[in-house]
Amino acid sequence: MSTAPLVSVVIPSFNTEKYIQDALNSLLAQGIDELLEVIVVDDASKDKTVYITRKWAEQNAHRLYSIQHH
């Protein structure tokens, strides 16, 4: 049975390929994985921010929502 997340973290991003993975990994370090929901709002990045975010979501069984503006 899936439980609703108790903590929602919203990460706005624009061309943050240098930092986004560290930001996402720091959330894992909090030790509340099963209570966590992550929402990444990307503002039409031209770098690999979206790719890195998607790979992180695939490699970590967490609730991650990616919202992209074009």
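With each run of n ≥ 4 DSSP H residues scored as -39500 (n - 2.57), what mean residue ellipticity at 222 nm is computed for the chain after dividing by its residue count and rounding to the nearest 500 deg cm²/dmol?
Working: 2 runs with 20 residues, N = 70.
Computed mean residue ellipticity for the chain: -8500 deg cm²/dmol.
If you take every DSSP beta bridge whose two residues both sit in the chain, what share of them, in percent to the nearest 5, is antiparallel? So the antiparallel bridges amount to about 0 percent of the total. What residues of segment 24-43 lie in the reach of a label at H69, counting those whose backbone N is under 16 Å from a point 7 Å from the Cα along Cα→Cβ? Hits in segment 24-43 for H69 at 16 Å: 40-43. Here the dipole of the chain is about 160 debye; that uses its Cα centre as origin and unit charges on the Cβ of Lys and Arg (positive) and Asp and Glu (negative).
The per residue volume of the convex hull around the alpha-carbon atoms of the chain is 82 Å³. Here the contact order of the chain, divided by its residue count and restricted to Cα pairs under 8 Å and six or more residues apart, works out to 39 percent. The longest stretch of the chain left intact once loop-based chymotrypsin sites (Phe, Trp or Tyr not before Pro) with at most 16 other Cβ atoms within 10 Å are removed from consideration, loops following DSSP, is 20-70.
Can you give me the % of accessible surface on the chain that is carbon or sulfur? Probe 1.4 Å, all protein chains present, nothing else counted.
Details: 2600 of 4740 Å².
Its accessible area is 55 percent carbon and sulfur atoms.
3J(HN,Hα) couplings calculated from phi for segment 9-15 with the Karplus curve 6.51 cos²θ - 1.76 cosθ + 1.60 (θ = phi - 60°) are, in sequence order, 10, 9, 10, x, 9, 8, 6 Hz; Gly and Pro show x. Less than 5 angstrom separates the built amide H of Q68 from those of D42, all sequence-distant by 5 or more or on a different chain. Rolling a 1.4 Å probe over the heavy atoms of the protein chains gives the chain an accessible area of 68 Å² per residue.
The values are calculated or read from the model by the stated rules, or taken from the named source; none is laboratory data. The shown structure was predicted, so the numbers you read here are calculated from the model rather than taken from an experiment. For neighbour counting, all protein chains shown are included, and Cβ atoms are generated from backbone atoms with ideal geometry for every residue, glycine included. Heavy atoms of the whole protein, side chains included, go into the accessibility calculation; ligands, DNA and RNA do not. Shrake-Rupley method; radii C 1.70, N 1.55, O 1.52, S 1.80 Å.
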